[in-house]
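Here's the structure we're looking at; comments come further down.
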Number of protein chains: 2
Amino acid sequence: MNLLDEKEAAAYTDTGVWATKAIKEAKLFGKVETVCSSREANFNYIPKDFAVPNDSKYLHITTNNTIYGTQWQKIPHTSNVLVADMSSDILSRSLDFNSFGLIYAGAQKNIGAAGVNIVVVDKNILGKVKRSIPTIMDYRNHIKEGSMLNTPPVFAVYVCLLTLRWLKAQGGVAAIEKKNEQKAAILYQEIDSNPLFRGSVVKEDRSKMNVCFVMDNQEIENKFLQFAIENEIVGIKGHRLSGGFRASLYNALPLESVEVLVSLMQDFAAKNG
Amino acid sequence: MNLLDEKEAAAYTDTGVWATKAIKEAKLFGKVETVCSSREANFNYIPKDFAVPNDSKYLHITTNNTIYGTQWQKIPHTSNVLVADMSSDILSRSLDFNSFGLIYAGAQKNIGAAGVNIVVVDKNILGKVKRSIPTIMDYRNHIKEGSMLNTPPVFAVYVCLLTLRWLKAQGGVAAIEKKNEQKAAILYQEIDSNPLFRGSVVKEDRSKMNVCFVMDNQEIENKFLQFAIENEIVGIKGHRLSGGFRASLYNALPLESVEVLVSLMQDFAAKNG
C-alpha cells in the first residue's frame, strides 16, 4: 500500500504460510511476480537460484518461516529495494540492516507482548505511490508523529522496553545470536544422531528459531508426544501443515530447556529404539 | 473503506476533533457531505436541525466529544444506516443499540487498556463495496475468524475482561449510567453556582464524560490549576484547543474524586471570590 502502485510490479519469494499471505495482500495493490517458491516440496527449503526483474519495485522475503522451520541463512543480494517480514527472527541474529529498505515484524516472538508491530523503513522509498493511503496505514504519518500517531498500546510497548533492556544486559544481539546458535546446534545434533528422529527441512536452510522434526510414523510420534507432555514439555507438537514436532527456540528460551528436550529424546530412544 | 464506494456519498456531523478526522478519512473512499457543524462556535454545542439526504450510504456521528465536552444526549433518528464513533462514552449509558449499523470505539476509556478497538457491526451492511479491502481491514474477515484473525493483543484483551466483570458487578451499564449522571450532576451544579467558574458548552449538550469549564481570565485559571495540583488533582487542564479545564469522569472514576474536586472549587472560591 505504501510502496507499490497499481501498474507496478513487485517480486515475492514464496517460502511458507506468511510469505503466501504477503503475496495475497500485495496483489490488492499492484502486480506481483512470485520469483521463486518451495511449495512443491512442502516448503522444506529456501530457493537459491532465482532472478529478480530490474523493474521490480522491491523484493520481499520472509526471513524465517515458523511453520516449516526454514530460515534465510544468507539474505539475498539485490539491487532492488529489499523488504523483509522478520516477525519470527528479528533481534535473534546480526544482519546488515543497511541492506533492507523496509523491515516489519510483530513483536510477539523476540521483542515483547502481542499487540505491537515494529516497522523500520528507509524514508526515501516512501511517498512514491499515487493512491490515497488511510492516515493510519501511511508510514510517513507514523514517522512524523514519532510513532505516536494513535494512542499507543502502552502495556505492550512497556514490555518491549523491558525485553530490550534484558537483551542489552545479555550482551545484545551478537551475544544472543551465539546462544541461539548453541541451542539450535545441540538440538539438530540430537536429531541427526538419534535414530528415531529426522529433521524435516534441507540442512543448510534449517531455522535456528523453529526446529522442525518428524519420526517414522504417526504411532511413534503420538507416543513421543505423550512422553514429552508427561515430562512437562509443552507446545512441541508441529503445526498441522507440517506435522511432526516443532521446538521454538526464541530468544527467551534458555539453553537448559533445550538440554532437557535433548535428554528426553535420548531417554525415549533408549526405551523405544 | 468497508461501507462507502467511490461514487457514493455519506453524511457526517462535524462536532469536534475526532469527527473532523473521521470526515478527512472518509473522503479517501467516497463523497462526504458534512450535514452539520458547530465549528463556528468552537464546537460548543451539538447541532440539532440538519437533514440527511436519502441517498447517503450512512450517517456518521461521534457520540461524545472529549476535547470540547459535548455529547449527543439524543441519538438522531434516521432512516439511513447509523455509524457511531463511541470511543469516549461506550458503556457509560444505556442506548438503543439496535438503532446503529456500526459502532466503533477504542477501548482505552471505559473498557480496558489501550491497544484494543471494539467494532460492533450489522453483517447486512457489509460486502456491498466494490473495492479490494486489505484482509486486516475487512470486517468480514474478523467476523469469520471470531475476532482472532490476527494474533490478539492478549494482555489488553484480558484487561477488558476484568473491566467488564467489574462493570457487571457494579450492576452493569444501567447502574454505571446512574453513577455517571450523579458525578456529572454535582460537578455541573458547582460550576453553575460557583461565581468563579462557568461551563464552556451549551447546557443541553453537556457531556457526562468530559466536563469542560473556564474562568474569567488566564491569571485566575493559572492560580486554580496550581491550587488543584497542590491538592493532588492531576490531568485537570483543558486541551489546548478548548482551554480552561476538563474533568474526565469515565466509568472508573469514583464519585469521591468528583466530591474532592467540588470541595476544592468551593475552597478556592472562598479564598479568591
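The values are calculated or read from the model by the stated rules, or taken from the named source; none is laboratory data. Only a predicted model underlies this, so the values are computations on that prediction, with no experimental measurement involved. So basically every Cβ, Gly included, is an ideal-geometry build from the backbone, and we count neighbours across all protein chains shown.
Provide a single number: the residues in the stretch A:85-111 that are part of a loop (DSSP other than H, G, I, E, B), in contact (Cβ under 8 Å) with a residue 40 or more places away in the chain and within 21 Å of residue A:14 (Cβ to Cβ). Outline the logic, then answer.
Start the filter on the stretch A:85-111 by keeping residues that are part of a loop (DSSP other than H, G, I, E, B), which leaves A:86-96, A:100-101, A:107-111.
If we keep only those that are in contact (Cβ under 8 Å) with a residue 40 or more places away in the chain as well, we get A:87-89, A:91-94, A:101, A:107, A:109-111.
Narrowing the set further to residues that are within 21 Å of residue A:14 (Cβ to Cβ) leaves A:87-89, A:101.
Matching residues across the stretch A:85-111 total 4.
Determine whether the stretch A:72-81 contains at least one residue that is hydrophobic (A, V, I, L, M, F, W, C), within 16 Å of the chain's Cα centre (by Cα) and over 30 Å from residue B:4 (Cβ atoms). Walk me through how you get there before you give the answer.
Restricting attention to the stretch A:72-81, the residues satisfying the condition of being hydrophobic (A, V, I, L, M, F, W, C) are A:72, A:75, A:81.
Of the ones still in play, those that are also within 16 Å of the chain's Cα centre (by Cα) are A:72, A:75.
Imposing the further condition that a residue be over 30 Å from residue B:4 (Cβ atoms) reduces the set to A:72, A:75.
Yes: the stretch A:72-81 contains one or more residues that are hydrophobic (A, V, I, L, M, F, W, C), within 16 Å of the chain's Cα centre (by Cα) and over 30 Å from residue B:4 (Cβ atoms).
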Practice prompt. Test residue B:179 against the criterion of being closer than 30 Å to residue A:155 by Cα and either exposed (fewer than 14 other Cβ atoms within 10 Å of the Cβ) or polar (S, T, N, Q) (or both), and give yes or no.
Written response: no
Fill in: Matching option when the condition is among the basic types (Lys, Arg), under 12 Å from the mean Cα position of the chain (by Cα) and more than 14 Å from chain A (Cβ to nearest Cβ), among B:93, B:140
B:93
Worksheet item: Taking the stretch B:158-200 only, how many residues are touching a helix residue (DSSP H, G or I) at 6+ places or on another chain (Cβ under 7 Å) and outside any helix (DSSP H, G or I)?
Response: 7
Discussion item. Against the conditions (1) outside the structural domain of residue B:74 (by TED's automatic domain parsing); (2) more than 25 Å from residue B:44 (Cβ to Cβ), where does residue B:195 fall short? Just the number, please.
Written reply: (2)
Worksheet item: Exactly one of (1) surrounded by fewer than 18 Cβ atoms within 10 Å (Cβ to Cβ); (2) part of a loop (DSSP other than H, G, I, E, B); (3) within 13 Å of chain B (Cβ to nearest Cβ); (4) in contact (Cβ under 8 Å) with a residue 12 or more places away in the chain is unmet by residue A:114. Its number?
Response: (1)
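Checking the conditions here, which among B:198, B:165 is within 13 Å of residue B:245 (Cβ to Cβ) and exposed (fewer than 14 other Cβ atoms within 10 Å of the Cβ)? Steps first, please.
Working: B:165 fails: within 13 Å of residue B:245 (Cβ to Cβ).
The conditions single out B:198.
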Discussion item. Show me the strands (runs of 3 or more DSSP E) found entirely inside the stretch B:7-70 where at least 1 residues are touching a residue at least 40 places away in the same chain (Cβ under 8 Å).
Written reply: B:9-14, B:58-62
Item to complete: Give the residues of the stretch A:117-132 that are among the aliphatic types (A, V, I, L, M), surrounded by fewer than 17 Cβ atoms within 10 Å (Cβ to Cβ) and either within 12 Å of chain B (Cβ to nearest Cβ) or within 23 Å of residue B:108 (Cβ to Cβ) (or both), sorted by residue number.
Response: A:119
Practice prompt. Please work out which residue is farthest from residue A:65 (Cα to Cα), limiting yourself to the stretch A:201-220 and to residues that are of a type in the set (A, V, I, L, M, F, W, C) and outside any loop (DSSP other than H, G, I, E, B).
Written response: A:220
